[in-house]
Amino acid sequence: MIPELGQLALTFSFALSLLLGVVPLYGSYTGNERALMLGKPLALAAALFAGLAFVALSYAFYTDDFTVINVASNSSSVLPWYYKLTATWGSHEGSMLLWVWILTLWTAAVALFSKQLPLLMQGRILGIMGWIGVGFIAFSLFMSNAFERSLPYFPVEGNDLNPLLQDFGMIIHPPLLYMGYVGFAVSFAFAIAALLGGKFDSTWARWARPWTLAAWMFLTLGIMLGSWWAYKELGWGGWWFWDPVENASFMPWLVGTALIHTLAVTEKRGTFKSWTVLLALATFSLSLLGAFLVRSGVLVSVHSFATDPSRGMFLLVFLLIVIGGSLLLYALRMRSVRSQARYQLFSREVMLWGNNVFMLTATLVVFLGTLLPLFHQELGLGSISIGEPFFDAMFFYLTIPFSLLLGLGPWVRWKQQKWQPLIPPLAMVAVAALMVAVGLMAATQSVQANVALLGLLLGAWVGMSALGEVGQRIRQFGQGLAGIRKLSASHYGMTTAHIGFAVLVIGIAMTTTYSVERDVRMQVGDTVTLSGYEFTLLDLYKLDGPNYGGEAADLKVERDGRFITNLHAEKRFYTIQRTVMTEAAIHARLSRDLYVSLGEALPGDAWSFKMQVKPFVRWIWLGGLLMAIGATWSLLDVRYRRKVLRRDTVPQAGELSDKHKELAHA
Amino acid sequence: MRKWLFFAPLAIFLGVSVFLFTGLFSDPWTRDSVLLNRPLPEFDLPDLMQPEQRWNRELLTGEPFLLSVWGVWCPTCKAQLGFMTELKEQGIKVVGLYYPLPVDPAFGDHFSLGQLQRDVQRELAYFGNPYQFNILDENRRLSLDLGVSGSPETFLVDATGKIRMHHVGDINPRVWRQKFEPALEQLQQTSLVQLGAQP
């Protein structure tokens, strides 16, 4: 009964989205204010019913309703209750439903928090969001029904959830990622609304900016968590694999990053207009392309859902309508738009343009690396595979000039900047960076001229320069606290995010250079030394979990006779899915991770172990976290709330994102 | 000129979507083996039924044959046994490369040749036996060298021991007619030419 109600709720949501797509847009062309006013209640109702549908599916999972095919194939009665709930989005159908719900939530958020928008603009944006919703709900309803029953012959036990997905990371990774992907639909809708209206003043950019920042923040967190999850769960200590699906999430992130930066130019200087609109279209288009790549079976990946060409066909037609249509509209409307602002070669405009050049080059690298095998095969040139070495080499060469530019960029003024005033502070930053880099290296490793030192230098340059620039701005604004208060939240946000990038670069460079690993054979009582850490195997015993059995090992780690930690590694055997999973033992510190995973049983009561010491690997995720914090801080900027103080119920962008976070965790 | 520049994104997108469209209808798993037109990898493996008999590359060359990677644990392999037995009756040489599932002693599994032989015999007696003989790839070493990514997979090897075709998935009348027959025909023609050239 409940699954049928869920199906019904989703159908209502579909009908409401259809109305949302028609009524406010009709109002925007006829000037019918009542039609425009209907946008908000329609958007809220569509979100409510999509939410009910999702809750209905979660209920079916929670109560082990194996008559629902989706539940039977992705859950089992012995699964812990929290994994039963997260199994809701463990399959293609369920995750599509989550996607739909999040999309309607964003739409509802736009309806609630856009009182400062002219009614006309609001109606157009909601109408476009409505049409996107129609597409995705139709896909969910007709092509991937999550509520389908297998009556009258249903299994008495489910197939269990893929053990890889039985992890805390899985609980929050997909919702956050989808918040990001789908959030860019809002920037997209703003851009289309601007195209339809034909007005591209800076207000458009100011309205679109907080939404883009929020989506970008979620995507950053989602990608970061995905990386952390892979590190923990796949059992061999890698944190990024250049897997097609990771790439599919990385491309919108790169273009989204470029978009955040050009939105600043469009807002502050009224230039780069057509470029910003194109980036807004491209970011969401790449999100859609990602969904297509994951769900159509065009590419082979560990993340791919079970595939079906008719689903791929539906998504491709949807892609053609949404992306093709928007780019056509863009081409027709933009021909007449001209930017009038003037700026010199050495100016912040050009610096941000440089950011875009690097971001888009990186996107092109990822795009080609991901899709070239497909192009190659379809052109009949045979199979090729593009792997890590290609991406690693390309990103290595891109990061160097990009970091240098990033250290310089924030110092440069709009319109025009003279060289001379920048030389003393930048020289100081460079000296400080050199000292920090060499100091850090001397403290943790021996000083050598290698990639790690280069990474440290670049990271320190970016980080020191970001700090120095904030310091200088604060001094300009006044002494002490007054100066600190005067500097805008978005400036602090930018600085935090840039420091996050610096931390990320340092983490990657140090980890890739100084990680050591060893495969060893151990019996109880054996000791192995790696990088000065002495690992002693204390005990080996059988495991007995709710839906798995297996083997566990307890180890003790010492360094110079000093006790460091106990480690507990497992190798689990999930009985229903007959899958073996490695639960690595990880001891994390800011300066290094100790990573031990169980290998195979060897003759004579021994096991093979993989031991790794990974310096600075935490910095990679810390960098991502700082970027997300930076985006959140920027969202708090009063600028996004000013001008609208007509009512008390002005939205706070911060509240908004908190609300989303709560929903994502719920 | 500048006006037309704004159509560039649309054009690029349409170009990409052509590939996405054709990509939908071609299975990414049917990647051509990198070993195509290269000799079979070196190996020295026992016969499944008579382990004292060992097989290697040289013993297999001389006439074209199908090398079929399979296992009793693979349902699709069962399904193709009937049709492949018909092929055998038409005079096509089929050699099995038996791919056992990995066994993890940690979970009380252990490899038993006798049990495996009984399982294989029962299965072949029931569904049909297309194989002249079966090679046991216990450590899956040869399968790895062949780039096997799933079962069943079938390789067409010519008289000189070179791999001429790699097929992922089951062998059924349609696949046979469309893929293998033309290749086999071509193979026989070229080998005649070669025979003529080298008396």
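Every read-out reported here was derived from the displayed coordinates using simple, explicitly stated rules and does not represent laboratory data. Not measured: the values here are computed from a predicted model. Note that we place each Cβ from the backbone using ideal geometry, even for glycine, and neighbour counts take in every protein chain shown.
Considering every pair of different Cα atoms, what Kirkwood radius, in Å, is found for segment A:69-212?
Working: mean 1/r = 0.0584 Å⁻¹.
It works out to 17.1 Å.
Other chains' Cβ within 10 Å of B:9-15 residues: what's the mean? Present the calculation step by step, with values, prior to reporting the outcome.
Numbers: counts 11, 10, 2, 1, 11, 5, 1.
Partner-chain Cβ atoms within 10 Å, mean over residues of B:9-15: 6.
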For residue B:97, residues with placed amide H under 5 Å, excluding near neighbours: B:68, B:69, B:70, B:135
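Give the shape of segment A:208-248 as rounded, prolate or oblate, defined through the alpha-carbon gyration tensor: a ≥ b ≥ c are the square roots of its eigenvalues, a/c under 1.5 means rounded, and otherwise the shape is prolate if a/b is larger than b/c and oblate if not. List each step's numbers first, then the result.
Working: a/c = 4.93, a/b = 2.37, b/c = 2.08.
In terms of gyration-tensor shape, prolate.
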Reach of residue A:614 by Cα under 16 Å, taken over lysines that are not fewer than 8 positions away in the same chain: A:232
Backbone N under 18 Å from the residue A:138 label point (7 Å along Cα→Cβ), restricted to segment A:319-358: A:319-327
Chain A: DSSP helices with Cα axial extent of at least 27 Å and average Kyte-Doolittle hydropathy no lower than 1.6: A:168-197, A:423-444
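Pulled fully out, how much extra length does the chain show between residue A:559 and residue A:487, if you take 0.36 nm times their separation in residues and subtract their Cα-Cα distance?
Details: separation 72, 0.36 × 72 = 25.92 nm, distance 4.62 nm.
Once the chain is fully extended between residue A:559 and residue A:487, it gains 21.3 nm.
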Listed residue (B:48, B:76, A:165) projecting farthest to the positive dipole end of the protein assembly as shown, Cβ model: A:165
Cα gyration tensor shape for segment A:537-631, rounded if a/c is under 1.5, else prolate or oblate: oblate
Extended-chain gain in nm, criterion 0.36 nm per residue less alpha-carbon gap, residue B:52 and residue B:11: 8.3 nm
Distance in nm between pseudo-label sites at residue A:479 and residue A:526 (7 Å out along the Cβ direction from Cα): 6.8
Estimated distance in nm for a label pair at residue A:357 and residue A:419, the labels positioned 7 Å out from Cα along Cα-to-Cβ: 1.7
Average partner coverage of A:327-334, which counts Cβ from other chains inside 10 Å: 5
Length released on extending from residue A:395 to residue A:438, taking residue separation times 0.36 nm less the Cα-Cα span: 13.1 nm
Kirkwood-type radius of segment A:384-445, with distances r between different C-alpha atoms, in Å: 14.6
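Using Cα pairs closer than 8 Å and at least 6 residues apart in sequence, work out the relative contact order for segment A:337-429, in percent.
On the way: 62 pairs, mean separation 45.2, N = 93.
Once divided by the residue count of segment A:337-429, the mean separation gives 49 percent.
Shape of chain A from its Cα gyration tensor (a ≥ b ≥ c, root eigenvalues): rounded if a/c is under 1.5, otherwise prolate when a/b > b/c, or oblate?
Values: a/c = 1.90, a/b = 1.10, b/c = 1.73.
Verdict is oblate for chain A.
Give the average, rounded to an integer, of partner chain Cβ atoms located within 10 angstrom of each Cβ in A:370-378. Mind dumping the intermediate values first?
Values: counts 0, 4, 0, 3, 7, 6, 1, 8, 8.
Taking the mean over all residues of the peptide, I get 4.
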Relative intensity, log₁₀ I(q)/I(0), of segment A:80-129 from a Debye sum that treats every alpha carbon as a point, q = 0.29 Å⁻¹: -1.01
Radius, Kirkwood style, for segment A:345-482 when every pair of distinct Cα atoms is counted (Å): 17.7
Cα centroid separation - segment A:499-551 against segment A:57-95, whole Å: 33
Chain A - mean residue ellipticity at 222 nm from DSSP helices (-39,500 (n - 2.57) per run, n ≥ 4, rounded to 500): -21000 deg cm²/dmol
Burial order of peptide ranges A:29-36, A:623-630 (average beta-carbon count within 10 Å, highest first): A:623-630, A:29-36
Highest to lowest packing among A:241-252, A:117-128, B:50-61, scored as the average C-beta count within 10 Å: A:117-128, A:241-252, B:50-61
Relative packing of A:583-593, A:80-90, which averages over residues the other C-beta atoms within 10 Å, highest first: A:80-90, A:583-593
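In whole percent, what relative contact order does chain A give with Cα contacts below 8 Å and a gap of six or more residues? Intermediate values should be presented prior to the final figure.
Numbers: 1179 pairs, mean separation 77.9, N = 666.
12 percent.
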